[in-house]
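As structure tokens, the structure follows; a few thoughts come after it.
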Amino acid sequence: MSDANCLFCRLAAGEIAADRLHEDDEVVAFRDINPQAPVHVLLIPRRHVASALDLGESEGSLLGRLFGVAAEVAHREGVAANGFRLVTNIGQNGGQSVNHLHFHLLGGRRLSWPPG
Ligand code: AMP
Ligand code: ZN
């Protein structure tokens, strides 16, 4: 369920400090330590899921919770009206550096497309 060697499992468990914006039984949201936009928040499930590749139909409600918290945080951070980006990187070519599923919520500036 939780991996003692996983950074985000440890962060979710409170063993690693973070600027937390939201916590509930399933989801934690906190500011990215190396922000790439004026608003850069990470949303993670408490339980260890390595990446979106490991999500199946049974995780539908977890995904609903993650997206619900993302919308709530976007409103609270003042980026909902002008728009923002929600993205999850998968594997090496996707640029994933922490192997615990996380969604980046990026906003507060115009984001380019396609991403680099
Ligand atoms: P990714 O490269 O998609 O796997 O994203 C991992 C993100 O986690 C990066 O944007 C890092 O800046 C961020 N990160 C790494 N360690 C921490 C930490 N202790 N607290 C907050 N964000 C972190
Ligand atoms: Zn983990």
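Angle of helix 60-76 to the longest C-alpha principal axis of the chain, folded into 0 to 90 degrees and rounded to 10: 40°. For Cys9, neighbours were defined as the other residues whose beta-carbon sits under 10 Å from its Cβ, and their charges (Lys and Arg +1, Asp and Glu -1) total +1. Please identify which residues in the range 56-70 have an amide N closer than 12 Å to a label point set 7 Å out from the Cα of Asp24, following the Cα→Cβ vector. Answer for this model: 61-70. Spin-label model, Phe67/Arg109: points 7 Å from Cα along the beta carbon direction are separated by 2.8 nm. Select from Asp19, Asp54, Asp32 the residue whose mean-square fluctuation is largest in a Gaussian network model of the chain (Cα-Cα springs shorter than 10 Å). With Cα springs under 10 Å in the chain, the top fluctuation among Asp19, Asp54, Asp32 is at Asp54. A dipole drawn for the chain from +1 and -1 charges on Cβ atoms has a positive end, and of Ala29, Leu66, Val79 the residue lying farthest that way is Val79.
Computed from the coordinates by the stated procedures, all read-outs in this text should not be read as laboratory data. Predicted model only: the values in this text are computed from it and were never measured. No Cβ is skipped: glycine too gets one built from the backbone with ideal geometry, and neighbour counts run over all protein chains shown.
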